[in-house]
Amino acid sequence: MMKKLLYLMAGASLLAMACSGKSNVNPVVTPPPVTRPDTPATVAACSKCIVVAEQSQNRIVIADVASGAVIWEWKPESSNVKPEHVKWFSNPSDAKAVYSNQYVLTCASGGGVALIRIADRKTVFYAYAGGNTHSIELLPDGNIVSASSTNNYLMLFKTDTLHFPEGVYTKKVPIDFGHNVVWDAAQKRLWSASMATMKSYRYNFNCSAPDLALDTTISIPGTAAHDLFPVYGEKNLWLTNTTHVYKFDVTSRQLTEANVLQANIKSVSSGPAGYPVIIIRPKVSWWTDEVLDAKGNSVFFQKGWKIYK
């Protein structure tokens, strides 16, 4: 924006010279160059970074918001993912920092799920969920659960970092329109919003043979529930569908409409004081090149990117 403003100012000054016919006008004073913040050298050094599921290059990106620079990225073809399994990670659909921001947990519409160590980009575990995988979560014992919208199921994985991707123990749990999954540590429940219902599950805490049992089903307004994510510092979950964004109180199990942009929000997340609520609203089909705040102001932009979450 500043560069465009400089061009307009210089053009206006040149036009004045041509129209006046005077040669003794004051020269244009060039403002000092706009400086951008220094880019953090590492993910650990970044005070405000975002984790992005970026589909134009089928990668996971960690980017510095202040400078706009990519600090870290993971591509399956550049990792220890076997060549025949790279297609599992087409169109990444979820990514989140886990284990004190030392790892990234991700999944893709191609059906793959993965746990990646940030320090060396090593894929320490990956497997196949299938069914257009949309969301992924860690369970308290280190096992993994994902949500798939095609064929409608949650998939549980025994996370064995020594034996994968073949021979991984898995268990399917039916759910309509699987798009989201969140572990609630306080309530010791797994939550998933399914079309027009919110469901909670009990986990069996069996590391070798993980399973879920349906505990509660609650009706929620609207349909096609999409994103579910913890509200930072609250006992609430962000919940989105095609028309609204809500906060769901896991204790009272009540919904309230959130004070953010409402329609067609793919994902929403928040942080401590000084960190804006950030949302993804598609510009084309299901992706965008921009991250917005709760009022619709641009927080991060990269032309040509296809950001899903």
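The values are calculated or read from the model by the stated rules, or taken from the named source; none is laboratory data. Note that this is a predicted model, so its numbers are computed, not measured. Cβ: placed from backbone, ideal geometry, glycine included. Neighbour counts: every protein chain shown. Surface accessibility is based on the protein's heavy atoms, side chains included, excluding ligands, DNA and RNA. Shrake-Rupley method; radii C 1.70, N 1.55, O 1.52, S 1.80 Å.
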Selection from segment 232-248 of residues that are open to solvent by less than 70 Å² (accessible area, probe 1.4 Å) and over 18 Å from ALA196 (Cβ atoms) = ASN236
Out of all the residues in segment 76-98, which are surrounded by fewer than 17 Cβ atoms within 10 Å (Cβ to Cβ) and free of Cβ contacts under 8 Å to residues at least 24 places away in the same chain?
-> GLU77, PRO83, GLU84, LYS87
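Counting only residues that are over 23 Å from GLY110 (Cβ atoms) and not in a loop (DSSP other than H, G, I, E, B), which one in segment 38-69 is nearest to the chain's Cα centre (by Cα)?
CYS49
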What is the residue count in segment 294-306 for residues that are assigned to a strand (DSSP E or B) and open to solvent by 30 Å² or more (accessible area, probe 1.4 Å)?
-> 3
Of the criteria (1) in a strand (DSSP E or B); (2) within 20 Å of TYR308 (Cβ to Cβ), which one THR256 fails | (2)
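Collect the residues in segment 130-151 that are in a strand (DSSP E or B) and of a type in the set (Ser, Thr, Tyr), keeping them in residue-number order.
Within segment 130-151, the subset in a strand (DSSP E or B) is 133-138, 144-148.
Correct list: THR133, SER135, SER146, SER148.
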Here is a list of conditions, (1) surrounded by fewer than 15 Cβ atoms within 10 Å (Cβ to Cβ); (2) at pLDDT 95 or above, and PHE229 meets all of them except one; can you say which number that is?
-> (1)
What number of residues within segment 73-92 are over 15 Å from TRP305 (Cβ atoms) and in contact with a Cys (Cβ under 9 Å, 6 or more places away or on another chain)?
-> 1
In segment 254-266, the residues that are surrounded by fewer than 14 Cβ atoms within 10 Å (Cβ to Cβ) and in contact with an Asp or Glu (Cβ under 9 Å, 6 or more places away or on another chain) | THR256
Taking segment 215-247 and the residues there that are within 25 Å of ASP141 (Cα to Cα) and touching a residue at least 40 places away in the same chain (Cβ under 8 Å), the one that is farthest from the chain's Cα centre (by Cα) would be LYS235
Tell me, which residue of segment 28-67 that is modelled with pLDDT under 85 and open to solvent by less than 90 Å² (accessible area, probe 1.4 Å) is nearest to PHE301 (Cα to Cα)?
-> PRO37
Restricted to segment 116-129 and to residues being open to solvent by less than 10 Å² (accessible area, probe 1.4 Å) and assigned to a strand (DSSP E or B), the residue nearest to ASP176 (Cα to Cα) is ALA127
Residue that is farthest from HIS134 (Cα to Cα) [pool: residues in segment 267-293 that are open to solvent by 40 Å² or more (accessible area, probe 1.4 Å) and under 15 Å from the mean Cα position of the chain (by Cα)] | PRO276
